[in-house]
Amino acid sequence: MEIREIRREELPQLLGLYRQLHPGGWVEDGPFAQGIWEQMQKVPGMHVIVAQEDGVLLSTCTLVLVPNLTHEGRPYGLIENVVTDKKNRGRGLAGACLRFAKTLAVQENAYKLMLLTGSKKPSTLAFYEKAGYRSDQKTAFVQWL
């Protein structure tokens, strides 16, 4: 298993993982997705992290490091789109991706990482707690647009 940042040509595999995350909310591979992918490649501080084995992407998360004028100018990180292929869950792949994201954030002197989950499953919440995230520190609000 290899944990690393995604390669440009791996977009179709990434979209395959996203189908498992949001069965109705992913973008089909094609010109529209390619255009978004090109935009993502240009965003400073954006990192799509993957767990790969035998040329196949099995897990991913996205880290965005946001410049910040508080906390002595240290950025903060947002984690999004955490998903592992259904047949490969329970192997520690997503945890490894999150640890890689944390390493990148520490290297960039970020002062915190944040993530949201829509899941209420105790196993999912326990997974994030085991990965070092706390649910008792802040209150999250979401406004869907």
Self-check item: Sum of -39500 (n - 2.57) over DSSP H runs of 4+, divided by residues of the chain (222 nm, nearest 500)
Solution: -10000 deg cm²/dmol
Self-check item: DSSP-loop chymotrypsin sites (Phe, Trp or Tyr not before Pro) across the range 82-145, with at most 13 other Cβ within 10 angstrom
Solution: F141, W144
Quiz prompt | Percentage relative contact order, the range 53-130, counting C-alpha pairs under 8 Å, at least six apart | solution = 32
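Determine the relative contact order of the chain: mean sequence separation of Cα pairs under 8 Å and six or more apart, normalised by residue count, in whole percent.
Relative contact order for the chain comes out at 21 percent.
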Quiz prompt | Cross-link reach list, lysines versus K121, counting only Cα pairs under 19 Å and skipping chain neighbours closer than eight places | solution = K86, K87, K130
Practice problem: Work out how much length E53 to A140 would gain on full extension: take 0.36 nm times their residue separation and subtract the Cα-Cα distance, in nm to one decimal. | Solution: 27.9 nm
Quiz item: Convex hull over the Cα atoms of the chain, averaged projected area in nm²?
Solution: 9.6
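Suppose every K and R has +1 on its Cβ and every D and E has -1 on its Cβ; what is the size of the dipole of the range 52-145 about the Cα centre, in Debye to the nearest 20?
360
For an R0 of 35 angstrom, estimate the FRET efficiency from the Cβ-Cβ distance between T124 and H71 and round to the nearest 0.05.
Values: r = 29 Å, r/R0 = 0.82.
FRET efficiency, T124 to H71: 0.75.
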Exercise. Treating only the Cβ atoms of Lys and Arg (+1) and Asp and Glu (-1) as charged, compute the dipole magnitude of the range 1-125 about its Cα centre; round to the nearest 20 debye.
Key: 540
Quiz item: Any idea how far apart Y133 and Q107 come out in nm if each label point goes 7 Å out from Cα toward Cβ?
Solution: 2.2
Practice problem: Work from the charge dipole of the chain (Cβ charges, +1 for Lys and Arg, -1 for Asp and Glu, about the Cα centre) and give the residue of T84, P12, P31 farthest towards its positive end. | Solution: T84
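Coordinate-derived values only; no laboratory data. Because the structure is predicted, anything quoted here is derived from the model rather than measured. Don't worry about glycine lacking a Cβ; one is built from the backbone with ideal geometry, like all the others, and counts go over all protein chains shown.
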